[in-house]
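Notes for the one structure printed next.
Readers should treat all values here as calculations from the given coordinates under stated rules, not as data from a laboratory. It should be emphasised that the depicted structure is a prediction, and the values quoted were computed from it without experimental measurement. In this analysis, Cβ positions are derived from the backbone assuming ideal geometry, glycine residues included, and neighbour counts consider all displayed protein chains.
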């Protein structure tokens, strides 16, 4: 009888007879993310992370997220490792928006399916660990759950929680944020982790193996992992660009997410001519005959993150981040303006 | 079109047209869990929790968990509020095992389904918030995800992450733990959150409305929420009982979990005559003709938590916790012994 209980990584291979190789693969990948702060990880009832170098006004910033139904496409295409990158990067981007110099501390994951395939779990966790390692974040714990009757055959879900450290006197939006600040757009790598229920409908009559002109191989393009913006923000800091606020453009698009980064009484004017919407979004729009307004509500349309910066820092920012562009500016009022 | 994106609490009602009443209900319940440490909660990209009173050797203890396929029974019986208690209590118990005086700080949740029912989400989150409030833990954030094609019709999953504070020089097991220490058993309230895939098979030909002699109404008994042991542990501390280690008896039962609480070279002798296995477990065993060894591997068999304490503290402990009992003692060796 298979173990009916959510099992730890170290059990996952055993309970479902995966063999020691899979377990070792996961363990090594996870342990590579463990610095000296990790006092207990795999096998403990709870992961233990020592707090030090806390600075003067320490606060924890935490976020739980999934990757939406991108998991369903990932399962269909066997892209387990890359969906691990998606989840970590999504979570990292979310906590970056809390304030200046957010430092990711640790991450915990949950992988569930009706029937766990050890190789898929191993690939997923390896991807999570790689993405954690890239941002100096410990993969502190996780749970795998076999849930017959809950998940569709072959389907799985993947949930992550990230905890980071921030100086709470440097929370976004800064009080120095004002009308006239400019909006620096950082490109997305694709739809990231939003709009996938719609994407799946739109492409259901197209082969994911198809090479779409100007778009690329559909299955590859739609599963491109969520880009992580931590390195970009560190480049801005190195270039002495003081970020006043950050908006992670997730579900709800620019319309819903940009206002979350701005104080009451201030809004933004977006220059829609400042960038070319990537071909995949245009292809998706045509597939469903969706109006542009709806597209901007569901998808990031090529904009993954917006940094609000002082106007006089714009040149330095554009040099520091060569793929960024000026997408608009902060204006008085409560209504998002489009030009 | 419904929002294809995992949405925040504040959006959940809106995107799926739940009406303001449901949203308000959730908000109030969540906000009741927020003390002065919570700097940003609902609506933020990430929840923000100020760290203070950290003590000399602060560490964070964190755990992610689900409630197994108890969610499927809960959905079948409409017990959304009580499954919220299950999840929080399970997570709290897990981090209690990290060391002495663990203080739960905050909790984040993830609720996903093929089609979100606002009333079910509201009830679930209300249950989570009630259980968080009971242990002084902030419900700092959460995510609701509508995942068509991933979940079975009517099914949902519920995942939680808890973060607590602990002095890492007071980690369990204490170095003072030694052979001759005694094992104090704290009763479970039922199967807690383990063994439910098996339970569901065992009861599939029995009406959950049936009143089983000596057991009670089956649907009620199997969905009894996971008991939280924080208050019990505080009572032990008040009675000056120094706990040397703690084992939360989850999946794998006593067999797998007790050794996790003991250092290498020490094991335990369990006195199986020290307690009467609750009637529900006997009923389940008979339903499936399962051998006793297997029962002890899958279920807690009435033992929810085991505290390892000095032998001379036994009397005080039994007085402080009137429903606890002496279940065995720590012995030399690596093999669990049963008498």
Worksheet, complete the sentence: Of all DSSP beta bridges with both partners in the range B:240-339, the antiparallel percent, nearest 5, is 80
Discussion item. Between residue B:275 and residue B:119, what's the calculated FRET efficiency when r is the beta-carbon distance and R0 is 51 Å? Round to 0.05.
Written reply: 0.80
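For the range B:218-339, rounded, prolate or oblate, judged on the Cα gyration tensor with a ≥ b ≥ c (square roots of eigenvalues), a/c < 1.5 rounded, else prolate if a/b > b/c?
Working: a/c = 2.04, a/b = 1.31, b/c = 1.56.
Note, shape of the range B:218-339 comes out oblate.
Work the Kirkwood hydrodynamic radius out for chain A: mean of 1/r over every pair of different alpha-carbon atoms, inverted, in Å. Don't skip to the end; give the middle numbers.
Values: mean 1/r = 0.0476 Å⁻¹.
In chain A this quantity evaluates to 21.0 Å.
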Discussion item. Which of A:156, A:45, A:107 ends up with the largest GNM mean-square fluctuation for chain A, with Cα atoms connected below 10 Å?
Written reply: A:45
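Work out, in µm²/s and without decimals, the Stokes-Einstein translational diffusion coefficient of the range B:88-176 at 37 °C, 0.692 mPa s, Rh from Kirkwood over C-alpha pairs.
On the way: Rh = 14.4 Å.
The calculation lands on 229 µm²/s.
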Worksheet item: Which shape class, rounded, prolate or oblate, goes with the range B:133-197 when its Cα gyration tensor gives a ≥ b ≥ c as root eigenvalues, a/c under 1.5 marks rounded, and past that a/b bigger than b/c marks prolate?
Response: prolate
Response to the item:
Here the alpha-carbon Rg of the range A:120-164 over 2.2 N^0.38 Å rounds to 1.33
Discussion item. Sort B:299, A:106 by Cβ crowding within 10 Å, fewest neighbours at the top.
Written reply: A:106, B:299
Item to complete: Calculate how many DSSP beta bridges within the range B:105-260 are antiparallel, expressed in % of all such bridges and rounded to the nearest 5.
Response: 55
Practice prompt. Would you mind telling me the antiparallel percentage of the DSSP bridges in the protein assembly as shown, rounded to 5?
Written response: 85
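Exposure proxy check: B:228, A:314, B:132 ranked by fewest other beta carbons within 10 Å? Don't jump to the answer; show the numbers that get you there.
Values: B:228 24, A:314 18, B:132 29.
Least crowded to most crowded, the residues run A:314, B:228, B:132.
Take the Cα gyration tensor of the range A:134-259, multiply each eigenvalue by 5, square-root it, and list the three semi-axes largest first, rounded to whole angstrom.
33, 23, 15
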Item to complete: Among B:101, A:65, rank each residue by its count of other Cβ atoms within 10 Å, from fewest to most, as a rough exposure measure.
Response: B:101, A:65
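What are the equivalent ellipsoid semi-axes of the range A:203-256, built from the alpha-carbon gyration tensor (square roots of five times its eigenvalues), in whole angstrom, biggest first?
Numbers: eigenvalues 225, 45, 14 Å².
With the √(5λ) rule applied to the range A:203-256, the semi-axes are 34, 15, 8 Å.
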Worksheet item: Rounded, prolate or oblate: which one fits the range A:291-338, using the alpha carbon gyration tensor with axes a ≥ b ≥ c (rounded when a/c is under 1.5, else prolate when a/b beats b/c, else oblate)?
Response: oblate
Practice prompt. Calculate for the protein assembly as shown the 222 nm mean residue ellipticity that helices alone would give, adding -39,500 (n - 2.57) per DSSP H run of length 4 or more and normalising by residue count, nearest 500 deg cm²/dmol.
Written response: -9500 deg cm²/dmol
Practice prompt. Between copies, how far apart are the residue A:231 label points? List them in nm, one decimal, shortest first, with each point 7 Å from Cα toward Cβ, please?
Written response: 5.2
Worksheet item: Out of every Cα-Cα pair in the range B:199-290, what percent are more than 22 Å apart?
Response: 48
Fill in: the range B:263-339: relative contact order in percent, alpha carbon pairs under 8 Å with at least 6 residues between
69
Fill in: Cα-based helix-to-principal-axis angle, A:118-134 vs chain A, degrees rounded to 10
40
Discussion item. Placing the label point 7 Å from Cα along the Cα-to-Cβ direction, what are the distances from residue A:319 to the equivalent spots in the other copies, shortest first, in nm to one decimal?
Written reply: 7.6
Item to complete: Please work out, to two decimal places, the log10 of the ratio I(q)/I(0) at q = 0.06, 0.08, 0.12 Å⁻¹ from a Debye calculation in which every Cα of the protein assembly as shown carries one identical scatterer.
Response: -0.33, -0.59, -1.28
Item to complete: Express in whole angstrom the spacing between the alpha-carbon centres of the range B:182-214 and the range B:21-99.
Response: 24
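Compactness ratio of the range B:18-117: Cα Rg over 2.2 N^0.38 Å, N = residue count?
On the way: Rg = 15.9 Å, N = 100, 2.2 N^0.38 = 12.7 Å.
Computed over Cα atoms of the range B:18-117, the ratio equals 1.26.
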Worksheet entry | Cβ-Cβ FRET estimate between residue B:339 and residue A:282, R0 fixed at 51 Å, reported to 0.05 | 0.10
Worksheet item: Between copies, how close do the residue A:255 label points come, placed 7 Å along Cα→Cβ, listed in nm from shortest?
Response: 5.6
Worksheet item: If one computes the Cα centroid of the range A:266-339 and of the range B:279-339, what distance in Å separates the two points?
Response: 60
Discussion item. Test of understanding: in a Gaussian network model of chain A with alpha carbons linked when under 10 Å, which of A:316, A:155, A:123 would top the mean-square fluctuation ranking?
Written reply: A:316
